[in-house]
Every structure is written in structure tokens, then in C-alpha cells.
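The values are calculated or read from the model by the stated rules, or taken from the named source; none is laboratory data. All of these numbers come straight from a predicted model, not from anything done at the bench. Don't worry about glycine lacking a Cβ; one is built from the backbone with ideal geometry, like all the others, and counts go over all protein chains shown. These area figures cover heavy atoms from the full protein model, side chains too; ligands, DNA and RNA do not enter into them. Shrake-Rupley method; radii C 1.70, N 1.55, O 1.52, S 1.80 Å.
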Amino acid sequence: MEPNSTALRRLSLISSHFPLTHCSSSPHLGFNCSSSSNGENKKNTCVFCLIVRGKAPSIKVYEDEVCLCILDANPLCFGHSLVIPKSHFPSLQETPPSVVAAMSSKVPLISSAVMKATGCDSFNLLVNNGAAAGQVIYHTHIHIIPRKASDCLWTSESLSRCPLKSDEAQKLADGIRENLSFSNNFEDSKGQGSSLIVN
């Protein structure tokens, strides 16, 4: 099998559980999916915005003022769930840290309930961010995918891994540090910076 067809097969597997409807991939500020504020066009086409507004079917398992969790309509496995914000943000990097924190803070509670309900003892936490990563619905969301031993869900789990060479690792770490920016457009990220660790 050609490497390109292997990648396409994997992308197809990951994206097969999403409806084909998605929001525009053009960057924009978030908006509340349940109100009739700006972004009317995107609200009418984004399946998650429609779910938040009660205009599209879903099976909700959790909801609060910031986010909700639904069962994936085309799951990779039994119990596959999605945590989605009630406001629309097309990608993780465009989602304010406070919203990401609110979504992430629900993962231990929801994943524990999903594992108990499905009889699983493990789970994957996944964000497909961008087309190359398999994102199909351009509304930030977190996948909770319950797992059982030897379920063979990901073919990549059988791939052998090569250790990172120290000179490559140092160059990579330096490049990442150079590109870190704690001053972004989100007000709620002020004071959340971190000191850089240099080896």
C-alpha cells in the first residue's frame, strides 16, 4: 500500500464518524450558537451550533453554561462522545483559554461515566485540529473515545517508534520555545504564561 493511500485510509477512518456539514474554515471571532448574534450564516450550517440551539438531533449526556457533551452520531466505538462549547470557535487555537479550561475540566467526570457505562477501563482524548489532522466540523470539540485492551481501534498503535535523537530534540525544543507566544488576543489568558525551561 502506498504511504499516501495509507494516510488517506487513516483520515477516512477518523473522519467517517462526522457528518459532512461543517462551518467555513475562515477565521473569525467566536459567537454564541444559541443566540441570533453575529455569524448568522455559520450558525445555520454548523451542525454543532444547530445542536446547541436544539435544531439538530443529538443525545446529550452532559450540559452546563459553557459546554455540552453528546454521543457521536457515527462513533468509532461504543460510547464515543464529544465535548463541545456552546459558543462557536472554528479551531482550538481560536478558542479562548477559559473555554478550553471549562471543556477540559469536565473530561474526568464525563470520561469516568463513559468508561463505567461501556465497561471500558481506558480512553483516548482527541482533538482533530485542522484539515490535515482530520478535522471535519470546524467547531472546536474534544473526543472521548472509550477503549478496551486489544480493540485494534488505531492501526498506528502497532507502529514501532524511533527514539528522538538528542541533537534533533534540542533543535526542536529551541524552535518551539522561539514560537511560543503568551500574548494573544484573549483577555482571559493574561497572567497564564509560563517560564520557559531550558536544558
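Here are some notes:
- Ligands, DNA and RNA aside, LEU159 has an accessible area near 100 Å² when probed at 1.4 Å.
- For region 62-122, the direction-averaged projected area of the alpha-carbon convex hull comes to 4.6 nm².
- Loop trypsin sites (Lys or Arg not before Pro), region 110-184 (other Cβ atoms within 10 Å of the site Cβ: 16 or fewer; DSSP): LYS148, ARG161, LYS165
- Scattering profile of region 62-163 at q = 0.18, 0.19 Å⁻¹ [log10 I(q)/I(0), Debye over alpha-carbon scatterers]: -0.90, -0.98
- Restricting the GluC sites (Glu not before Pro) of region 55-119 to loop positions (DSSP other than H, G, I, E, B) with no more than 11 neighbouring Cβ atoms within 10 Å leaves GLU65.
- With every protein chain in place and a 1.4 angstrom probe, the accessible-area ranking of TYR62, TYR138, largest first, reads TYR62, TYR138.
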